[in-house]
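Read the structure below first, then the notes.
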Amino acid sequence: MFLLGFIMLFVYHTYTTSQQIKEQVSFTVYLNLDVSEQQAKELEAEIKKNIKVKSTTFISSEQAAQMMNKVMGDDHLSILDSINPYQSSIEVNLKAQALNISEIKQFILAVEAKDIVDVVDYRHDLITDINDVIYNVSAFIFILFLCLLFIAITLINHTIRLTINSKRLQIRSMELVGAKAGFIRRPFVARGVLLGFVGGLIADCLLAGLLYWVYSSIKGLVFFDHLIVYAAVGCIIIILGVLLSFSFTFRAVRKSMNLKSSKLYK
């Protein structure tokens, strides 16, 4: 159960990290030199209303000059007779689900159609590389998830089968005295459900300890941002523990009943 919980958390954090990486990619909308700040602010507000847009930041020509002062020196405009050649611009970050080539081209065409927009600058190669890497990593993690899930369920199933198989003589004794199938199964299933519940709780405690270690070791991570997901995973682990134990125990007991004598002592 701990392995199942670990897989869930690993997949969740891989997904959220990939989304955050996508949303860090920014586009720069350069405006014409004669555009007033009021016009630029109106365009920024219009862009921000787009459902594909996560955030926007307006950079005036004066702010752009100040930013370049840090790179080229405070007097770099003196060679231009203090004429500011920098354009006002709007930094745009799209939502992760919109960061694909077709969506981006539609967005850029819509923005460049505005009269006050000069050009929209973006790194096509960077976006392509990010999407390719995330796709490959997601495919690998999905395959790893399926493999680990199969291993975890197989281990649980085999453990329960071995436990029930060791009780086959006890089951045969109950059959010989005329006990009904439901009466024979009931204590085994009840014990299996209880163990599944306890196993889920122990797995949750181990996962909580792992999360505590991660958050105490890595600065900048905020636990409460993911609290609802962690609580949901904890509940799912307990429910899975009960359901898997119930189904595997029920099946194992049914298989152990009515065994032929030739197989009973093997």
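The values are calculated or read from the model by the stated rules, or taken from the named source; none is laboratory data. Quick caveat: nothing in here was measured; it's all calculated off a predicted structure. Please note: Cβ atoms are built from the backbone with ideal geometry, for glycine as well, and neighbour counts cover all protein chains shown.
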Are any residues in segment 164-180 touching a residue at least 12 places away in the same chain (Cβ under 8 Å) and under 22 Å from MET1 (Cβ atoms), and if so, which ones? ILE164, ASN165
For ALA190, indicate whether it is at pLDDT 85 or above and over 25 Å from LEU176 (Cα atoms). no
Considering segment 239-264 alone, what residues qualify as being modelled with pLDDT under 75 and either assigned to a helix (DSSP H, G or I) or outside the structural domain of GLN170 (by TED's automatic domain parsing) (or both)? SER256, SER261, SER262, LYS263, LEU264
Which condition from (1) of a type outside the set (Gly, Ala, Ser); (2) at pLDDT 80 or above; (3) more than 27 Å from ILE101 (Cβ to Cβ) is the one that ASN69 breaks? (2)
I need every pair where a residue in segment 119-147 that is more than 19 Å from ASN93 (Cα to Cα) and modelled with pLDDT of 80 or more has its Cβ under 6 Å from the Cβ of a residue that is surrounded by 12 or more Cβ atoms within 10 Å (Cβ to Cβ) and among the β-branched types (Val, Ile, Thr), sequence separation at least 6 or different chains. ILE141/THR14; PHE145/ILE7; PHE145/VAL11
Search segment 225-243 for residues that are closer than 18 Å to GLY196 by Cβ and pair each with any residue that is surrounded by fewer than 19 Cβ atoms within 10 Å (Cβ to Cβ) and among the β-branched types (Val, Ile, Thr) when their beta-carbon atoms are under 7 Å apart and the residues are at least 6 apart or on different chains. VAL242/VAL193
Mind checking whether some residue in segment 211-221 is touching a helix residue (DSSP H, G or I) at 6+ places or on another chain (Cβ under 8 Å), at pLDDT 80 or above, in the same structural domain as VAL242 (by TED's automatic domain parsing) and over 18 Å from ARG251 (Cα atoms)? yes
Is it the case that ILE51 is surrounded by 14 or more Cβ atoms within 10 Å (Cβ to Cβ) and hydrophobic (A, V, I, L, M, F, W, C)? no
Counting just the residues of segment 1-40 that are within 28 Å of the chain's Cα centre (by Cα) and of a type in the set (Phe, Trp, Tyr), which one comes out farthest from ASN157 (Cα to Cα)? PHE27
Scan segment 45-54 residue by residue and report those that are in a helix (DSSP H, G or I) and either under 27 Å from THR128 (Cβ atoms) or in contact with a Gly (Cβ under 9 Å, 6 or more places away or on another chain) (or both). ILE47, LYS48
Give just the number: which of (1) over 26 Å from ILE236 (Cβ atoms); (2) exposed (fewer than 13 other Cβ atoms within 10 Å of the Cβ) does LEU194 not satisfy? (1)
With respect to the numbered conditions (1) loosely packed, with under 13 Cβ neighbours inside 10 Å; (2) modelled with pLDDT of 90 or more, which one is the sole condition not fulfilled by ILE236? (1)
How many residues does segment 17-37 hold that are loosely packed, with under 14 Cβ neighbours inside 10 Å and either modelled with pLDDT of 85 or more or in a loop (DSSP other than H, G, I, E, B) (or both)? 4
